[in-house]
Structures are given as C-alpha cells and as structure tokens.
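The values are calculated or read from the model by the stated rules, or taken from the named source; none is laboratory data. These numbers were taken from a predicted model, which means no experiment stands behind them. Backbone-built Cβ (ideal geometry, glycine too); neighbour counts: all protein chains shown. SASA here: full protein model, heavy atoms, side chains in, ligands and nucleic acids out. Shrake-Rupley method; radii C 1.70, N 1.55, O 1.52, S 1.80 Å.
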Amino acid sequence: MSFQRVLEGAGLTKIELATLYGVSRQTVHTWAGGGDPRPGSYTARMATVITTALLGAMGKRLLPLGPLPKQTREVRIRSMAKTLQQLKPAPILQ
C-alpha cells in the first residue's frame, strides 16, 4: 500500500500523520499494521487523496522535512493539514 511508503519515507511521526489525515493516532497505528479504512467510506477516499499528495511531496523532495525547531515544525504540519483536508475526496468506485 502506498500509505506504507508515506509512513516509511515522509519522516513524519504517527501523530503528525494523524494530524495530516484528520484521524486519530490510533487510526494511523491501525493503518500502519495493515488495516485499511472501510472501502468507499469518506475516510478511505480522503486517505487516498492525501496519500497521493504526500507521495507527490516526497517525489518533489518537500518531504521529509529538514531539521526544524519544534514550534516551527508544528506550524508547518498544521498548515499542511489545513491544505490537505481541503482537498476533494476521491470518487466513489462502484
């Protein structure tokens, strides 16, 4: 799953990923263990779009973030989360 690539290569903590995806840390932990959101659900469709965006950021070398002071990193993550969560969910596949 491409989420595994994000988990391993984005240089983000599970808490930061949870913030970006708009889910709990426990949900990210479940996904990291191979669990997936319910197919066709809003969460699954948003996860697809956000994962694609994060993979694109990794491809452009925007991720992983370089060394930053903790507060600056938190502001950057919140800003990224706001942008990512405003994306349109992937279409429902039937």
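Worth pointing out:
- Sum of -39500 (n - 2.57) over DSSP H runs of 4+, divided by residues of the chain (222 nm, nearest 500): -19000 deg cm²/dmol
- As a ratio to 2.2 N^0.38 Å, the alpha-carbon radius of gyration computed for the chain takes the value 1.04.
- Heavy-atom accessible area order for 6, 49, 75, largest first, 1.4 Å probe: 75, 49, 6
- For a straight C-alpha distance cut-off of 16 angstrom, the lysines reachable from residue 14 (same-chain residues fewer than eight places away being disregarded) are 70.
- Shown for the chain: the carbon plus sulfur share of the solvent-accessible area, taken with all protein chains present and a 1.4 angstrom probe, equals 55%.
- Neighbourhood charge, 15 Å Cβ-Cβ cut-off, centred on residue 42 and excluding it, Lys, Arg +1 and Asp, Glu -1: +2
- The chain: relative contact order in percent, alpha carbon pairs under 8 Å with at least 6 residues between: 40
- Loop sites in region 42-93: trypsin sites (Lys or Arg not before Pro), DSSP, at most 13 other Cβ within 10 Å: 60, 61
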